[in-house]
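To start, the structure under review is shown below, and the notes come after it.
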2 protein chains.
Amino acid sequence: MKTDKTKVKRAPQRGHYDKETIYSILDNDFVCQIGFVYDGYPVVIPTIYGRKGNYLYFHGASVSRMLVTMEEGVPVSLNVTRTDGIVLARSAFHHSLNYHSVTVFGTAVLVEDEEERWNALKVISDQVLADRWEEVREPNVKEMKATKVLKLEITEASAKIRTGPPKDDKEDYDLDIWAGILPIEKQFGKPIADPELKQGLELPYSVKNAIK
Amino acid sequence: MKTDKTKVKRAPQRGHYDKETIYSILDNDFVCQIGFVYDGYPVVIPTIYGRKGNYLYFHGASVSRMLVTMEEGVPVSLNVTRTDGIVLARSAFHHSLNYHSVTVFGTAVLVEDEEERWNALKVISDQVLADRWEEVREPNVKEMKATKVLKLEITEASAKIRTGPPKDDKEDYDLDIWAGILPIEKQFGKPIADPELKQGLELPYSVKNAIK
């Protein structure tokens, strides 16, 4: 997947092009920032995605500007970034971030087959919260009609990763300045029941499994 | 800041255009996804930013493709999104996310004045970790030469926010399905000292203040 567009030019040692690395970063999240050209201007919008095989799936309201634009077959670019920590060096210059990031280039196509549309929505739902799909009321015909599904083949992609401690200039290691990593952690909090929740309903498997 | 480009078309009740809301979302983060058109293709790249007044500042290596492209005065779009929780409805269709998101459109310009460049780097540093700038070795002439600084005036921007419980169809409230919010929390973890850290150095004020 290393092409002229995806080649990591700055800090090339941080670049990764293998599917395993790219998939694992994509699978660790479910919100990406997707960019396309609209009316001559770049537009960057956050959206939910799900990955299955070499495809990313997106969904939304049938009238969504993003989906209507993407459906026309315009090139898109998307990025998923997890920030793992602030890299605190002894010099301002060598401060950095630890992160896992993937950028994908491609062209999305409309999914029209009803079974594929259904499966794509389940893929997206599973990516947000595994097993939730099976617990809830399925989409009805009217809801399926109001929903647009697109898929993007991952043909050009690259990952960029930084891990580990700061790297300071040799002479700075003697300075009396604390250096290290301030980790950034993301986790689920305590579930909040809907104020309208029917009495007697326990937390479902999907939620219990996610917070365990 | 409500223009044809920034107007929130889907779910217009989620759109906000006042500076206070937009600034508060921008100030709560320091990584944005920035998009520009390069060689006819949209490119979306994560980058660190800092806000001061109505300007966003970016920095990087002088040879960075992103900065070199942006410096040419091309239109850019950037997005900052914080996901606050997964909205678990009784129907698959009404599942959603709680989030705070800002999209900014504009054109970046190169900052050339040396004092403004210095101040911009401090703004960015302060945004990542307040008070760190004062604790570390300042940039030297060589480092300043290797660094490019750009600024973007926030002239077009909109925020999109969803909060609160799921909204299900009336008839679905009777279903025996748990509904509510699964919060997503982001916080600093326990600081990790550089393995090369000089003995006897305590955690600095900036870190202690951030994790308290």
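Every number in this text was worked out from the coordinates using simple rules, so none of it is lab data. Everything numeric in this text was worked out from a predicted model, so none of it was measured. As a convention, Cβ positions derive from the backbone with ideal geometry for all residues, glycine included, and neighbour counts pool all protein chains shown.
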Which value in deg cm²/dmol, rounded to the nearest 500, describes the helix-derived mean residue ellipticity at 222 nm for chain B, given -39,500 (n - 2.57) per DSSP H run of n ≥ 4 and division by the residue count? -5500 deg cm²/dmol
Can you spot the aspartates and glutamates whose alpha carbon is less than 20 Å from A:Lys167's alpha carbon? Ignore those fewer than 8 places along the same chain. A:Asp84, A:Asp176, B:Glu134, B:Glu135, B:Glu138, B:Glu143, B:Asp194, B:Glu196, B:Glu202
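Please compute, for peptide B:68-76, the average count of beta-carbon atoms on other protein chains lying within 10 Å of each residue's beta-carbon. Intermediate results must be reported in sequence, preceding the final value.
Numbers: counts 0, 0, 0, 0, 0, 0, 2, 5, 4.
Going residue by residue through B:68-76 and averaging, the value is 1.
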Karplus 3J(HN,Hα) series, Hz, for segment A:58-75 with 6.51 cos²θ - 1.76 cosθ + 1.60 (x for Gly, Pro): 10, 8, x, 5, 3, 8, 3, 4, 4, 6, 5, 5, 5, 4, 6, x, 6, x
Averaged over peptide A:127-135, how many Cβ atoms belonging to another chain are found within 10 Å of each residue's Cβ? 3
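So, with +1 on the Cβ of K and R and -1 on the Cβ of D and E, and no other charges, what is the size of the charge dipole of chain B about its Cα centre, to the nearest 20 debye?
Details: 29 positive and 32 negative charges, 47 e Å.
Here the size comes out at about 220 debye.
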With a 10 Å Cβ neighbour count serving as the proxy for reagent exposure, in which order, fewest first, do A:Val37, A:Val31 appear? A:Val31, A:Val37
Enter the mean number of other protein chain beta carbons within 10 Å of the beta carbon of each residue in A:44-54, as an integer. 4
Residue among B:Asp172, B:Asp126, B:Asp27 with the largest mean-square fluctuation in a Gaussian network model of chain B, springs linking Cα atoms under 10 Å: B:Asp172
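Apply the a/c threshold of 1.5 to the C-alpha gyration tensor of chain B and tell me whether it is rounded, prolate or oblate.
In terms of gyration-tensor shape, oblate.
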Quick note on B:Ile192, A:Ile34, ordering by fewest other C-beta atoms within 10 Å, gives B:Ile192, A:Ile34
Which residue, A:Trp178, A:Trp133, A:Trp118, tops the fluctuation ranking in a GNM of chain A built on C-alpha contacts under 10 Å? A:Trp178
What base-10 log of the normalised intensity I(q)/I(0) is obtained for the protein assembly as shown from the Debye formula, alpha carbons as equal point scatterers, at q = 0.06 Å⁻¹? -0.26
Given backbone amide H placed at 1.01 Å from N, residues whose amide H is under 5 Å from that of A:Thr147, ignoring those fewer than 5 places away on the same chain, are A:Ser62
Which angle between 0 and 90 degrees, to the nearest 10, do you get for helix A:114-128 versus the longest principal axis of chain A when only C-alpha atoms count? 40
GNM top mover of A:Ala179, A:Ala193, A:Ala130 - chain A, alpha-carbon springs below 10 Å: A:Ala193
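Please go through the residue pairs B:Lys52/B:Lys142; A:Lys5/A:Lys170; A:Lys148/B:Lys160; A:Lys160/A:Lys212; A:Lys151/B:Lys148; A:Lys160/B:Lys148 and name each one whose alpha carbons sit more than 28 Å apart in this structure.
Working: B:Lys52/B:Lys142 26 Å; A:Lys5/A:Lys170 34 Å; A:Lys148/B:Lys160 21 Å; A:Lys160/A:Lys212 30 Å; A:Lys151/B:Lys148 37 Å; A:Lys160/B:Lys148 21 Å.
Going by Cα-Cα distance, A:Lys5/A:Lys170; A:Lys160/A:Lys212; A:Lys151/B:Lys148 fall outside the 28 Å limit.
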Taking A:Lys208 as the anchor, which lysines have their alpha carbon closer than 19 Å to its alpha carbon, excluding any fewer than eight residues away along the same chain? A:Lys186, A:Lys190, A:Lys198
Protection proxy (average C-beta count within 10 Å per residue), highest first, orders B:88-94, A:141-147 as B:88-94, A:141-147
